[in-house]
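Just so it is clear, none of the values below were taken in a lab; they were calculated from the coordinates. Only a predicted model underlies this, so the values are computations on that prediction, with no experimental measurement involved. When we count neighbours, we look across all protein chains shown, and the Cβ atoms used for this are built from the backbone with ideal geometry, even at glycine.
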Amino acid sequence: MRNFKTQLIVKHLKIKLLFVACALMVFSCDTAKKASKSKKGSAATTAKAPAKKPKKGAIQPYSKVITKEAKTDEGLFDVHKIDDKFFYEIPDSLFEREMLMVTRIAKTANGIGFGGGKQNTQVLRWQKKDKKVLLRVVSHQVVAADSLPVHEAVVNSNFEPILYTFPIKAFSKDSTKTVIDVTPMFEKDVKALGFPQSRRQSYRITRLDSEKSFIESLKSYPQNIEARHVKTYAAGRPPSNSSTGTISLEINNSMILLPKVPMKRRMFDQRVGWFGRGQTDYGLDAQESKTVRYLDRWRLEVKDEDIEKFKRGELVEPKKPIVYYIDRATPEQWRKYIKQGIEDWQVAFEAAGFKNAIIAKDPPSVEEDPEWSPEDVRYSVVRYLASPIPNANGPHVSDPRSGEILESDINWYHNVMTLLRNWFFVQTAAINPDARGVAFKDEVMGRLIRFVSAHEVGHTLGLPHNMGSSVAYPVEKLRDPAFTQKYGTAPSIMDYARFNYVAQPGDEGVALMPNIGPYDKYAIMWGYKPILDAETAEDEKKTLDSWILEKAGDPMYRFGRQQFGVIDPSSQTEDLGDDAVLASEYGIKNLKRIVPNLIEWTAEDGKNYDDLETMYGQVLGQFNRYMGHVAANIGGVYEYYKTYDQEGAVYTHVADDHQKKAMQFLQDQLFTTPDWMLDNNIFNKIESAGHIERVRGIQTRTLNNMMDFGRMQRLLENESINGDSAYGLYDMMKGLRRGLFSELRTGKKIDIYRRNLQRAYIERMEYIMKNEQPAVPAQFRRFFGGTSVDVSQSDIRAVVRAELKSLRSQLRNARGADSMSRIHIADALERVNNILDPK
């Protein structure tokens, strides 16, 4: 009762106070109005107080950030463009998901790479932290299973660096998405997304010119976002347009969502050629950290309803085939040939148990699908580029966690046709009327395009060059129509076997180029055939090994890596057959047939002689290849990959008699002046001077190659291992001197070409006496070849000194047949004296 009375009293007081307050408010307002009116010249009313500005960095309402003026592109993230600013609207479900960022040059100036050239690849992770969004760089180089105790140590030693930080601008209306302004990241000089530091040094790039840099476009697709931005850098040494003092590039960044569940890996084996990637795995049951390598390959899987068919050996269609689209820009007459090159791989996938596994399609027209774009990661496209680069390449984008290839764009440059014409002409015109000219019929060029298309597609499937393939076929079999029609010119189209330069007139019907061969079918089977009873990559190992051992010892199924500095002469580019000497002899016979016909086969009324000059240069280039193929056998070491369960050596020196044969070939075909290539009817139409230097250049390149430090060391090692049965360094050097200076014994005239060659030999000997071998890093030797030697403490200089003394003795006793020979002998003697007894 007491409480109730108290409540009534309080309520009554509140009503009174409210009445008083209202009265005061009315009085105050009235007084203010009167005061305002009483002021002369003053405003009729008091100005409104300014709206309260949001604090710097404060998160604003969605409508204040993404206004009605925004142009929105929906996709992986919604991308909003407002004036010159770009915003990402990131769904909460995509935070912490891993994404692959691939940075490529989209457009470039002359001398700075090429369009499509990859500059950087990294895995990114978007994270939300307080009022910011972090973009972190994720590494998969070092790993351990998260169920193991060592996983914590691996995480702690691989802290993910922050690439960029963004303040959160707003949240979506339903609060499930986060809006950030990404403009600064693409406008500033973020090296990981632009021109890499390693490339900047050569052009002396100092800074980004922000006034000349801008975002071209940001486009969003269901699984990727494509950013294009123009970067202009101040450069002290630009390769073109040097007056500007800058370099401008258009950079493309592809950000691709990686699968939530990675594909099952397949373990790498060096006995089968494959593009692979590696991780250092600390979770293995081993007493050391080990690198685990696995294949890059497409996800080809058997449909659940077809598993029993597959087990019975029936061909089945994969859940998702590999589909390539032909760029709309591709000229109509070449489309079908590029498609044929793609679908030629069907037979290889049949060996893996799949039919219709790889398909070529035309893209939809703009009217059929205005949204279709070759930049959409869902589509792999053969991109036709209007570029003078005479090349094509087949890069791919793969998931670093599993090796799964996510997409691939083959870059097809218009001038690849020039390259094909030149190769086909110089390698087959002697026996092939279709190659005699500088403009081929469409069906001839189309067949060549099909060949290159198939080769590049092979790269996108995961296969590297197999330079050890072409050595599988005996040289004489390359002249056999029945054999070559069945097997092509090499067991693998991934070799640089090019065209059949061995075939001679009369070998009608012989195949002129490789097809998808036995090795290609085997490699695709090995990499793609599902092993259904294996749960993990490790479980597959036994089966994979058994497939290799089935083919072991058969040269058709051998893989030989590409070398940069040839050590293994059986794994070279551009060669054919199992005997470089015999194959090159056949090739030179054909070059000798081409040279007298060059003028006729390049002729066209009203045209100058540019094509004649080009094709003559192609002849010399082909001849130079033959010299390299043969020279590599001297000091050569074969490399045949094996494991502990296989008998025999991995490394074997080239046989003594074959090295001697190679030396004699070089003396006969190169160091004896090749008169057949000296045609004045050609020279007087293409140059005022130059043929002497051309011959000197070819001879000197091969000579210096033969007297390479690494080759000389391998000759010494061969002798130390195999004794008198080896072709040693002294044997090579003595044979070289006797051949190069044979005129000193016979008294014959020394022509200008031989004089140049003999001086080149003396200069190289001086170089060896005075210089050390540049350092060859161990990693380089392992992957690219190379032999390291301490020249000053080896036998190399002792042998060279002995040879110089023998040469000095010969020069002292020589009598030249003519004045120039005598002058040359005196000069050569002076040069040798200066090396042996420097003043």
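For a paramagnetic label modelled on Val261 (point 7 Å from Cα along Cα→Cβ), amide N atoms under 20 Å away belong, within the stretch 299-328, to 299-308, 318-321. With the simple model of a label 7 Å out from the Cα in the direction of the Cβ, Gln346 to Thr165 spans 5.8 nm.
Judged by the mean number of other Cβ atoms found within 10 Å, the most tightly packed of the peptides 190-202, 548-560, 394-406 leads the ranking 394-406, 548-560, 190-202.
Taking Lys and Arg as +1 and Asp and Glu as -1, the other residues whose beta-carbon sits under 12 Å from that of Lys320 total +1. Shape class of the stretch 323-401 from the alpha-carbon gyration tensor: rounded, with the ratio a/c of largest to smallest axis under 1.5. Once the Cα atoms are used to define both axes, helix 537-551 deviates from the longest principal axis of the chain by about 20 degrees. Taking Cα centre as origin and charging only the Cβ of basic (Lys, Arg, +1) and acidic (Asp, Glu, -1) residues, the dipole magnitude of the stretch 628-672 rounds to 160 debye.
Taken over the alpha carbons of the stretch 602-839 as equal point scatterers, the Debye sum produces base-10 log I(q)/I(0) values at 0.10, 0.18 Å⁻¹ of -0.57, -1.40. Peptides 267-275, 699-707, ordered by how many other C-beta atoms sit within 10 Å of their residues on average, highest first, read 267-275, 699-707.
Electrostatic tally near Asp751: other residues with Cβ closer than 11 Å to its Cβ, Lys and Arg +1, Asp and Glu -1, net +1. Charge tally around Ile516: other residues with Cβ under 14 Å, Lys/Arg +1 each, Asp/Glu -1 each, net -3.
The spacing between the stretch 176-196 and the stretch 409-461, judged by their C-alpha centroids, is 42 Å. For the stretch 469-563, rounded, prolate or oblate, judged on the Cα gyration tensor with a ≥ b ≥ c (square roots of eigenvalues), a/c < 1.5 rounded, else prolate if a/b > b/c? In terms of gyration-tensor shape, prolate.
Can you bin the chain into rounded, prolate or oblate? Criterion: square roots of the alpha carbon gyration tensor eigenvalues sorted a ≥ b ≥ c, rounded for a/c under 1.5, prolate for a/b above b/c, oblate for the rest. The shape class here is prolate.
Let me spell out the model: positive unit charges on the Cβ of Lys and Arg, negative unit charges on the Cβ of Asp and Glu, origin at the Cα centre of the chain. What dipole size does that give, in debye rounded to 20? Taking the Cα centre of the chain as origin, the dipole is about 5300 debye. In this label model, Glu332 and Gln60 are separated by 5.3 nm, measuring between points 7 Å along each Cα→Cβ vector.
Once the chain from Ser725 to Arg694 is taken as fully extended at 0.36 nm per residue, the excess over their C-alpha distance is 7.4 nm.
Only one residue of Ile251, Met267, Ile322 has its Cα farthest out toward the positive end of the dipole of the stretch 231-354, where Lys and Arg carry +1 and Asp and Glu -1 on Cβ, and that residue is Ile251. Diffusion coefficient of the stretch 71-258 by Stokes-Einstein, Kirkwood radius over Cα pairs, 25 °C, 0.890 mPa s: 137 µm²/s.
Compute the FRET efficiency between Glu613 and Met820 as 1/(1 + (r/R0)^6), taking r as their Cβ-Cβ distance and R0 = 45 Å, and round to the nearest 0.05. Calculated transfer efficiency: 0.95.
Measuring between their Cα centroids, the stretch 783-816 and the stretch 666-745 lie 15 Å from each other.
Report for the chain the percent antiparallel among DSSP-assigned beta bridges with both residues inside it, nearest 5.
Counting DSSP beta bridges with both partners in the chain, the antiparallel share is about 80 percent.
Dipole magnitude for the stretch 602-839: about 980 debye, using +1 per Lys or Arg Cβ and -1 per Asp or Glu Cβ, origin at the Cα centre. Relative to the current alpha-carbon distance between Asn681 and Glu647, full extension at 0.36 nm per residue lengthens the span by 6.5 nm. Among the listed pairs Lys336/Lys361; Lys107/Lys212; Lys85/Lys212; Lys85/Lys219; Lys118/Lys336; Lys320/Lys355, a Cα-Cα separation exceeding 18 Å is found for Lys118/Lys336. Annotation: amide H-H contacts under 5 Å for Glu216 (H modelled 1.01 Å from N, sequence separation of 5 or more, or interchain): Arg228, His229, Val230. A protection proxy built from the mean count of other Cβ atoms within 10 Å ranks the segments 798-807, 753-762, most packed first, as 753-762, 798-807. Between Ala552 and Asp130, the simple spin-label model (points 7 angstrom out along Cα→Cβ) gives 6.1 nm.
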